[in-house]
Structure formats: C-alpha cells, structure tokens
Amino acid sequence: MSELIRLVYASRAAFEPVPVKQGVEPSVGRILMQSRRNNAHANIGGVLYFGDGYFFQALEGERQAVNQAYRRIAADLRHREVTILSLKTVSERFFADWSMKYVPAEEAVKQFIRSHNYQRFEPLKFQETEAEALIELFHSYGDAGAKIKKKGGWFGLRKLFAS
Ligand SMILES: Cc1cc2nc3c(=O)[nH]c(=O)nc-3n(C[C@H](O)[C@H](O)[C@H](O)COP(=O)(O)O)c2cc1C
C-alpha cells in the first residue's frame, strides 16, 4: 500500500451562491453528490466546508488517488484561486467513514475566525497550522448527533439535506 496523505486546500467559488435558509446551497449540493460518488470508487474521502463564497476542503487517501482527484478538482471552473494550504503524510484518515463529510459549521467557524484574529472567513490567507486546526475542528464536528456515517449513498444525503 502506498502512503496515506491529507491535502487541504481553499478556493473561491466562481458562482454567486443562492441564499438558503436551511440545508445546502444547490451548487454545493451538486458538488457533494459528485464527490461522494467518485470518492467512494477511488477509496478517498475528506471534508468540505462552504462559507462566505469560499470552499475549504480536505482530501485523504493514497497519494496517487488524492493527486488524481485534486488535479480534476483544481481544473473545475466552479471555483478559482485554488490554493494548497497543507499537504502531509498521515498515519490514519480523520474522515475514514466519509467519502465527503459536509459540515454546516457556521457558528464554529465564526468562533474559530475570531480566535485567530480574522475579520471574516478568508481561508486563502490561512497558514498551514490554521488550516490544520480547522480540519481538526471539522474532524470532531457533529460527532455527538451523527449516528449515520455512511460512505456516500442515500443516508448521507438525507442527513445532509435534513440538517
Ligand atoms: C470545491 C469543489 C470540490 C470538489 N470535490 C470533489 C471531490 O472531492 N471528488 C470529486 O470526485 N469531485 C469533486 N469535485 C468535482 C470535480 O471537480 C469534477 O467536476 C468531478 O469530479 C467530475 O466528475 P464526473 O467525471 O463524474 O462528472 C469538486 C468540485 C469543486 C468545485
């Protein structure tokens, strides 16, 4: 087995987000569906956060598979300024149960931003340590209530759109 890596990047959405009261912004929802389908096949996973027009994502898995997915993602016209914040060899995956965890963590992110002296969510400016700290926060996010942790599939989506 080749090395496991975790790649964390941020980017700016190229579309104007539709305001949603509950659930997931529709373009982001489509990205999640694609991610879950493809990542499950490629045996990679991770976490995605979308806030203030920015994406913040971790991809985990074998080096080659993560690189392959990242190349495809970076070329996607739905975002730009795709910026790698951290790339590390890891001994285990944080998001091993997820083809792509989605975290509606607005309040937690607000607190994180304040405690790191940012005015708003500007992940393109994050230092490596800040990116890694936020990923750790997302790692534990929602654990209390999250009983259904399926790799992609219908349960994941039901839970996603219900929350
Ligand atoms: C912010 C963002 C995150 C994405 N994350 C993933 C991902 O984790 N896995 C994936 O396969 N595609 C992801 N995509 C979509 C890919 O860029 C690409 O559209 C998709 O993999 C093509 O899949 P298809 O060949 O099945 O249509 C992401 C796109 C964006 C804009």
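The values are calculated or read from the model by the stated rules, or taken from the named source; none is laboratory data. Not measured: the values here are computed from a predicted model. Here Cβ is always computed from backbone atoms with ideal geometry, including for glycine, and neighbour counts include all displayed protein chains. Heads up: the accessible areas ignore ligands, DNA and RNA and are worked out on the full protein's heavy atoms, side chains in. Shrake-Rupley method; radii C 1.70, N 1.55, O 1.52, S 1.80 Å.
Between Lys88 and Gln111, what's the calculated FRET efficiency when r is the beta-carbon distance and R0 is 22 Å? Round to 0.05. E(calc), rounded to 0.05, equals 0.35.
Helix-only mean residue ellipticity at 222 nm, the chain, DSSP H runs n ≥ 4 weighted -39,500 (n - 2.57), per residue, nearest 500. What is it?
-12000 deg cm²/dmol
Protection proxy ranking for 8-14, 110-116, using the average of other Cβ atoms within 10 Å per residue and placing the highest first: 8-14, 110-116. Take the chain with all the other protein chains still there, run a 1.4 Å probe, and you get 56 Å² of accessible area per residue.
Once you wrap a convex hull around the alpha carbon atoms of the chain, what is its projected area averaged over all directions, in nm²? Reported value for the Cα convex hull: 9.0 nm². Surface composition of segment 4-162: carbon and sulfur make up 50 percent of the accessible area, probe 1.4 Å. Computed over segment 4-162, relative contact order equals 34 percent, with contacts defined as Cα pairs under 8 Å that lie 6+ residues apart.
Would you tally the net charge around Ser27, using a Cβ to Cβ cut-off of less than 10 Å, leaving Ser27 out, and scoring K and R as +1, D and E as -1?
Numbers: positive: Arg30, Arg78; negative: Glu16, Glu25.
Summing Lys and Arg as +1 and Asp and Glu as -1 gives 0.
Which value, in debye to the nearest 20, describes the size of the charge dipole of segment 47-105 about its Cα centre when Lys and Arg Cβ atoms bear +1, Asp and Glu Cβ atoms bear -1, and nothing else is charged?
Details: 8 positive and 7 negative charges, 36 e Å.
With only Lys, Arg, Asp and Glu charged at Cβ, the dipole is about 180 debye.
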